[in-house]
Structure formats: structure tokens, C-alpha cells
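Trainee: Structure below; questions to follow.
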Amino acid sequence: MVRGIISRIRGDLESSLDEKTRNSFQRFFKESVKCYGVKTSDAEKIAKKYFEEIRGRGKAEIFSLCEQLLESDYCEEAFIAFEWAYSVRRDYDVNDFDMFERWIERYVNNWAKCDTLCSHAVGSFIERFPQCIVRLKTWTKSDNRWLRRGAAVSLILPARKGKFLRDVLEISNSLMNDKDDLVQKGYGWLLKEASKLHQKEIVEYLMNNKREMPRTALRYAVEKLPKDLRDAVLEK
């Protein structure tokens, strides 16, 4: 293990504290969050700086360091952990899905942690091992809101590339009547990204489901549509 790297990261985070960021941090979340108050751009620099030290280490050792960071519950340490997890995406194997699922269940407790992990690391994993999308869909039935949101957010980047349209719609169907507004926003966001390359199919889906879909999800889904189509979907 790289000597003292966790304590050095924490020292850098503490010295990068920004009072304005710290004071405004909580307003982005409904939940109480634990943070240093470091700007995302500065946390990203710290993540990159220390990844250079561990780049040559094996994936298992890097994931172990990630878990040490996650155990602190600090948002910025989770950000670094999930950035590192994404940085070793070329080394993923199919068994890593179990670990990502466990991380969400054990360490993810706000939308920022969920989105950082799922939109990059889990999304890249699914692109590499598309057979695991069957397991991803099981998250939509979980009691854990972050697994449910993660089921949608994990396909954001693939959907932006035009991939997995059928699965995007299946996940949206499964989450259609979810009562959690953060889950609604998650699958609305997914539909919005899918609409960029599959506008016709997404508009048809929205028109067919707009009476049932919560307005929160619907408004997210139409954000990138031309005004005439957006108005048609939102028309009651």
C-alpha cells in the first residue's frame, strides 16, 4: 500500500477548504451531508495528483484505497474514490458489479455520490459487460433509492451515444410510478439523454406515457427537445 496516501489526501482536502463552498454545500441536498467544503475542480486535481502515485498498482489495491476513502463518508473523499474507480475501467472484470452494488448499498447516501459512481464507473462497466444489464435492471425494484436512481443514471453516458435504447425504455417503465422525486429525476434525465440520438422513439414513448409519468420526470425528459415537441408532450 502506498505509504500515508490517505492521510496526505485528507491533508490536501483540508488545506483546499473554501468557506463559500462549505457554507453553500448543504443547500444542494435534502439529506445531511458530510463535507470539507472543497470545490469539485480542486477535488478533481487532488484525485489526479494521487492517482499518479498508484497508477501502477493492481486494481485490487486501488479498490482497497477507494474503500478506505469511502468509509469516511466525506463527499469529497467519495468523489476521489469514484474517480479512481473509473480510472481503472480498462481493468474491470465481470465480478466488479458485485463491488459496485455493495458500494452503493453501504456508502452512497446522496445523489452526488450516486451520480459520480454510476454515470461513469458503472456506466463504463455496463458498456464493457452488457450481459450485466439484466442485473442492473433488478436495482429498479430495490428498497434502496440510490440503487433505483443508479439503475437509470448508469445508462446516461451509453444512452448519450445512442446505446441500449430498449433497456433505457425498460428501466424507465420499471421506475415509471416511483414516488421518490430523485428517482423520477434520474430516469427523466436518462430519457433526455436518449432523446439526443433517438428523438422519434423517445417522443413516442413520452406521448404514450405522459398521463402516467410524474411531471418531475416528464419535465426532465423533454429538456432537449425542440419547443414544438416539448410543448406537445407537456400539454395536458
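Trainee: If r is the Cβ-Cβ distance from ASP228 to ARG160 and R0 is 25 Å, what FRET efficiency results, to the nearest 0.05?
Mentor: In this case the efficiency is close to 0.60.
Trainee: While we're here: Could you work out which residue, out of LYS20, LYS224, LYS137, moves most in a Gaussian network model of the chain, that is, has the largest mean-square fluctuation with Cα springs under 10 Å?
Mentor: LYS20
Trainee: I would also like to ask the following. Nearest 20 debye, what's the magnitude of the dipole of segment 1-91 about its Cα centre given +1 on Lys and Arg Cβ and -1 on Asp and Glu Cβ?
Mentor: For segment 1-91, the charge dipole is close to 200 debye.
Trainee: Another question, then. Dipole size in debye (nearest 20) for the chain around its Cα centre, Lys and Arg Cβ +1, Asp and Glu Cβ -1?
Mentor: The dipole magnitude comes to about 600 debye.
Trainee: Give the distance, in whole Å, between the Cα centre of segment 121-166 and the Cα centre of segment 1-42.
Mentor: That distance is 28 Å.
Trainee: FRET efficiency for THR138 and THR216, Cβ-Cβ distance as r, R0 = 25 Å, nearest 0.05?
Mentor: Computed FRET efficiency for THR138 and THR216: 0.60.
Trainee: How big is the dipole moment of segment 117-236 about its Cα centre under a simple scheme where the beta carbon of each Lys and Arg is +1, that of each Asp and Glu is -1, and everything else is neutral? Debye, nearest 20, please.
Mentor: The calculated dipole for segment 117-236 is roughly 160 debye.
Trainee: For a 26 Å ceiling on Cα separation, which of these pairs sit above it: LYS59/LYS141; LYS200/LYS236; LYS20/LYS179; LYS59/LYS113?
Mentor: LYS59/LYS141; LYS20/LYS179
Trainee: Can you give the three extents of the C-alpha atoms in segment 93-236 along their principal axes, from longest to shortest, in whole Å?
Mentor: 44, 28, 22
Trainee: Identify, among SER142, ASN110, TYR220, the residue whose Cα sits farthest towards the positive end of the charge dipole of the chain, taking +1 on the Cβ of Lys and Arg and -1 on the Cβ of Asp and Glu, with the dipole about the Cα centre.
Mentor: Going by the Cα projections, it comes out as TYR220.
Trainee: Could I ask something else about it? Assuming 0.36 nm per residue, please report the length gained on full extension of the stretch ARG8 to ASP73 beyond their Cα-Cα distance.
Mentor: 21.7 nm
Trainee: Considering the options MET99, ASN209, MET176, tell which one lies farthest towards the positive end of the dipole of the chain, charges being +1 on Lys and Arg and -1 on Asp and Glu at the Cβ, about the Cα centre.
Mentor: Projecting each Cα onto the dipole axis, the largest value belongs to ASN209.
Trainee: Each label point is 7 Å from the Cα along the Cα-to-Cβ direction; what then is the distance between the points at GLU235 and ASN177, in nm?
Mentor: The two pseudo-label positions are separated by 2.8 nm.
Trainee: Over all directions, how big on average is the projection of the convex hull of the alpha-carbon atoms in segment 1-91, in square nanometres?
Mentor: Reported value for the Cα convex hull: 5.9 nm².
Trainee: Set the Förster distance to 35 Å, then compute FRET efficiency between PHE129 and LYS48 from the Cβ-Cβ distance, nearest 0.05.
Mentor: 0.85
Trainee: Moving on. What number, rounded to the nearest 500 deg cm²/dmol, is the helix-based mean residue ellipticity at 222 nm of the chain, given -39500 (n - 2.57) per DSSP H run of at least four residues and division by all its residues?
Mentor: Roughly -19000 deg cm²/dmol at 222 nm, from the helical runs in the chain.
Rule-based calculations on the coordinates, nothing more; no lab input. Since this is a predicted model, take the numbers as computed values, not measurements. Neighbour counts run over all protein chains shown; Cβ positions are idealised from the backbone, glycine included.
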